[in-house]
Amino acid sequence: MKYGPLVFLAAFLALSASWCGFVLTPQIQLGRAVQETNSVVTSEMYPQDRPGSARQGLEIYRAEGCAYCHSQQVEQKGTLVDVFLTDAGKNSMAVAAALTEQHLGTFSGPGLAAGLPKPVLRNASLDTAKALANLLKKAGANSQLRLVPFGPDIERGWGVRRTVAEDFIADSHVMPGSQRVGPDLANVGMRLPDVNWQLMHLFAPRSVTKDSPMPSYPFLFERKKIGKQPSPDALQQLPKEFAPAEGYEIVPRPEAKALAAYLVSLRADVPLYEAPATPPPAATNAPAVTNAPAK
Amino acid sequence: MNATCTTSSASDAISTGEIDASCRVPLFTLLVSAAVWLVVASVFGLIASLKFHSPNFLSECACLTYGRVHPVATNALLYGFAMQAGLGVALWIIARTSQARVAQPWLIAVGSKLWNFGLTIGVIGILIGDSTGYENLEMPRGAVIFLFLGYLLMAFFSLVTLHNRRERALGPSQWFLLAALFWFPWIYFTANYLLLSHTPVRGVTQAIVAWWYSGNLNLVWFGLVGLAVVFHLIQQLMDRPLFSRYLALLTFWTIILFASWSGIPSSAPVPAWIPAMSTVATVLTLVTALSVMVNIRQTCGRGCAQTENPAPGKFIAFGTMAFVVAWLMNALGAIPEVSAVTNFTWYTVAQSQLNVFGFFAMTMFGAIYYIVPRVTGMEWPCAKSPRRHYWLAAIGIILIVLPLAIGGVVEGFNWHNLKMTNVDVAKNALNFLRVSTLGEVLILLGNLMLLGNLIALSVRYYKIHFVPVYRDATATLKPAEAKP
């Protein structure tokens, strides 16, 4: 390594290698990715474009540097399988006997058919779950396997599956974040879909989350004197200590509305082939229509 | 003082005095602006840190919110102080080791001005909400062009200086600097072109490019330049050659081969091979840390600061230790099992602070305290201030890194503990952060001392060298006017 050109060549080759590895190859692999029907349960395109206001909200998210305290990456440790009994079949006694034999608790034949689908095995490995499904099939029952990703992030309710590259296709600039001073936001729209809640949280975080260490963003809002009619946009239900004086109201500026729209649009919960997850039963079975109150 | 360079006995050799004189203009431009940005960085860093004591502190003003103040602090530290000081010190080392006068010193100074102009635009851009949102690359497009052109000017004439060297064979410091000078424009252009041009890369590729850039800047560029300074100054301070050139070669190769692949966290939502490769490469940088440790230890023997003025030696010794620890922390944090706890926590912040400030900035302080008296031929106005700065900076950075590293690990475990709500975890981590504010205050004080010293020295230099010249020039005029 005595000579200049040699040192230069070494540096050139090393940097080219790293550049080809982490700049060129990802671009070839992911750069042309488009929205696809890569979803497990529907044939809808994923990811859907965000609505216009949410796209503007991403700009506010960037300008205010939200990503310095909030990540948008849900991790998972692995996936476990639940077995749901969907149909007890004709011979429910045999099914119950088969389940009892597997030490899955005590089941009675007649009770089995009630309240289906119901879980008969939770958090098992895929092999165990498949074996049970076969067993049930032999006994004449039908079952369904549900994939349940697990990990601390998912148990915190930050998402139903891990975040993957596909979730970001529709966005620019992509800000996955590197720190969690606050919770992960990859699915905040799933967790907290109420726009008014989001706006109140931006205006005064401690008005909705006690002791929250998040700063408030009062400059995204306007304090206005209530005119002839209160503004339809004004923040509703602000607790007393955060509410403006009598006769005034807090109206979100367009920036706040856009940011709230963006936050509500953040949900990466569609199951994908590279990140499968079966939505919980409540989500798939729409609320029972029969009990709906007559209008 | 100049004992190290008296060996060059050839009659046509350029004296060290001449070399130092040719450095003066660019070095002062770079170092004074670096010191100004250093103070800017620590003021904004302190504001950002105070936000954790009271969330509504300065929250009324959009441009003083955490999301803007924090990137300003990082950018001012990285591009304002670290890179400018690095380029200045690198220039001096290149000139001294090459025994050549600096080529086009005024153009290098112009490059520094362009760089500072771009940086000012960039910082204002971030403050008014024009940040790009990519970490370490927040400055908007308009600013980046000036920074890039400024860098090209500075680096080009540094390379010309290196090219004019008397001895064709290159020493370790020169390998490191040559590679670093060439490295930055490539990564900076790639990242900014792919992220900020009219047709940027899409989706998560953006994040990959930004991570790749950050890894290359923080580990490769700072590693190469910082270690070049350490290697050069250790030899000067100890007045003996480096223990092993081969170990230095190993350090060099491991940095350019492995550290250049680091930076992508194992949690990244990207195809699995990318974080896997990055993890392997990052763990292999352990070799870098160990080779530096052995080489410096063996070179120093027992007394690392046995010189007439021990302050530079102390800074360099601290910087070397911080380098080893920071790179160990980095390699450790890349292992998936560890990363599952430390990722997204203050641990990563502690690591990067230790690398950028504990290692790089401390090394630069040492170099500045060593070089400036030689280049100006003047002692520091306050002889004790280098040592005071050392203690302030050393205690300051320890008070930042230690609580954040411990707090980060605790925070990581807390996120796994479902009994704690989000607010509980965040509030628990704040206790550690609040200790680090004290460190920020100490660092700010130290930085103010450095700036004050540099300015006082410049003023004194100006008084000694320019005022008499000006007086003489004006004095001859007066009698001439009086006569007719």
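Tabulated data
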| read-out | value |
| --- | --- |
| Filter result (in a helix (DSSP H, G or I), surrounded by fewer than 15 Cβ atoms within 10 Å (Cβ to Cβ) and modelled with pLDDT under 80) within the stretch A:102-133 | A:GLY109, A:PRO110, A:GLY111 |
| The stretch B:266-281, subset surrounded by fewer than 21 Cβ atoms within 10 Å (Cβ to Cβ) and facing chain A (nearest Cβ under 7 Å), residue modelled with the highest pLDDT | B:MET277 |
| The stretch B:182-214 - residue that is buried (at least 17 other Cβ atoms within 10 Å of the Cβ), more than 10 Å from every other protein chain (Cβ to nearest Cβ) and over 19 Å from A:SER172 (Cα atoms) and, of those, farthest from the chain's Cα centre (by Cα) | B:TYR188 |
| Among (1) in contact (Cβ under 8 Å) with a residue 24 or more places away in the chain; (2) surrounded by fewer than 24 Cβ atoms within 10 Å (Cβ to Cβ); (3) part of a helix (DSSP H, G or I), the one test that B:ARG166 misses | (3) |
| Some residue of the stretch B:402-421 being under 19 Å from B:PHE359 (Cα atoms) and of a type in the set (D, E, K, R) | no |
| Residue within the stretch A:2-9 that is more than 11 Å from chain B (Cβ to nearest Cβ), out of contact with any strand residue (DSSP E or B) (no Cβ under 9 Å at 6 or more places or on another chain), free of Cβ contacts under 8 Å to residues at least 60 places away in the same chain and not polar (S, T, N, Q) present | no |
| Any hit, the stretch A:39-47, residues being closer than 30 Å to B:SER267 by Cβ, away from chain B (no Cβ under 14 Å) and of a type in the set (Gly, Ala, Ser) | yes |
| Checking A:SER18 against (1) assigned to a loop (DSSP other than H, G, I, E, B); (2) modelled with pLDDT of 95 or more, the condition it does not meet | (1) |
| Pairs, first assigned to a helix (DSSP H, G or I) in the stretch B:52-75, second surrounded by fewer than 17 Cβ atoms within 10 Å (Cβ to Cβ), C-beta under 7 Å, six or more apart | B:ALA62/A:PHE219; B:CYS63/B:ILE128; B:LEU64/B:LEU58 |
| Cross-chain or 6+ apart pairs with Cβ under 8 Å, the stretch A:166-181 first and at the interface with chain B (Cβ under 7 Å from one of its Cβ atoms), then surrounded by fewer than 24 Cβ atoms within 10 Å (Cβ to Cβ) and of a type in the set (Lys, Arg) | A:ILE169/B:ARG202; A:SER172/B:ARG202; A:HIS173/A:ARG62; A:MET175/A:ARG62 |
| Filter result for A:ALA114 (away from chain B (no Cβ under 13 Å) and in contact with a strand residue (DSSP E or B) (Cβ under 9 Å, 6 or more places away or on another chain)) | no |
| Residue within the stretch B:353-370 that is within 14 Å of chain A (Cβ to nearest Cβ), closer than 30 Å to B:ARG202 by Cβ, assigned to a helix (DSSP H, G or I) and modelled with pLDDT of 95 or more present | no |
| Within the stretch B:86-132, tally of residues that are touching a residue at least 60 places away in the same chain (Cβ under 8 Å) and assigned to a loop (DSSP other than H, G, I, E, B) | 9 |
| Any hit, the stretch A:61-77, residues being more than 9 Å from every other protein chain (Cβ to nearest Cβ) and in contact (Cβ under 8 Å) with a residue 24 or more places away in the chain | yes |
| Residues of the stretch B:252-263 that turn out to be more than 7 Å from chain A (Cβ to nearest Cβ) and of a type outside the set (Phe, Trp, Tyr), as a count | 5 |
| Selection status of B:ALA179, within 8 Å of chain A (Cβ to nearest Cβ) and within 20 Å of the chain's Cα centre (by Cα) | yes |
| Given (1) touching a strand residue (DSSP E or B) at 6+ places or on another chain (Cβ under 6 Å); (2) at pLDDT 95 or above, index of the condition A:LEU185 fails | (1) |
| Residue among A:GLY189, A:GLY182 that alone is part of a helix (DSSP H, G or I) and touching a helix residue (DSSP H, G or I) at 6+ places or on another chain (Cβ under 8 Å) | A:GLY189 |
| Selection status of A:LEU85, touching a strand residue (DSSP E or B) at 6+ places or on another chain (Cβ under 6 Å) and either over 30 Å from B:ALA340 (Cβ atoms) or surrounded by fewer than 16 Cβ atoms within 10 Å (Cβ to Cβ) (or both) | yes |
| Matching residues, the stretch B:409-458, being hydroxyl-bearing (Ser, Thr, Tyr), over 21 Å from B:PRO386 (Cβ atoms) and within 28 Å of the chain's Cα centre (by Cα) | B:SER436, B:THR437 |
| Subset of the stretch A:177-202 (residues that are surrounded by fewer than 19 Cβ atoms within 10 Å (Cβ to Cβ) and of a type outside the set (S, T, N, Q)) | A:MET190, A:ARG191, A:LEU192, A:PRO193, A:ASP194, A:VAL195, A:TRP197 |
| Residue in the stretch B:361-404 that is nearest to B:HIS232 (Cα to Cα), counting only those that are in contact with a Gly (Cβ under 6 Å, 6 or more places away or on another chain) and among the β-branched types (Val, Ile, Thr) | B:THR363 |
| Test: residue in the stretch B:84-106 that is hydrophobic (A, V, I, L, M, F, W, C), on the phi > 0 side of the Ramachandran plot and surrounded by fewer than 24 Cβ atoms within 10 Å (Cβ to Cβ) | no |
| Checking A:ARG50 against (1) within 14 Å of another protein chain (Cβ to nearest Cβ); (2) among the charged types (D, E, K, R); (3) surrounded by fewer than 16 Cβ atoms within 10 Å (Cβ to Cβ), the condition it does not meet | (3) |
| Some residue of the stretch B:231-238 being crowded, with 22+ Cβ neighbours inside 10 Å, within 13 Å of another protein chain (Cβ to nearest Cβ) and at pLDDT 95 or above | no |
| Residue within the stretch B:124-133 that is closer than 25 Å to B:LEU224 by Cβ and small (Gly, Ala, Ser) present | no |
| Enumerated helices (runs of 4 or more DSSP H) restricted to the stretch B:379-484, each holding at least 3 residues that are modelled with pLDDT of 95 or more and more than 14 Å from chain A (Cβ to nearest Cβ) | B:385-416, B:422-465 |
| Single residue of the stretch A:198-211 satisfying the filter (touching a residue at least 24 places away in the same chain (Cβ under 8 Å) and over 21 Å from the mean Cα position of the chain (by Cα)) that is farthest from the other protein chains (Cβ to nearest Cβ) | A:MET200 |
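The values are calculated or read from the model by the stated rules, or taken from the named source; none is laboratory data. Computed from a predicted structure; not experimentally measured. Cβ: placed from backbone, ideal geometry, glycine included. Neighbour counts: every protein chain shown.
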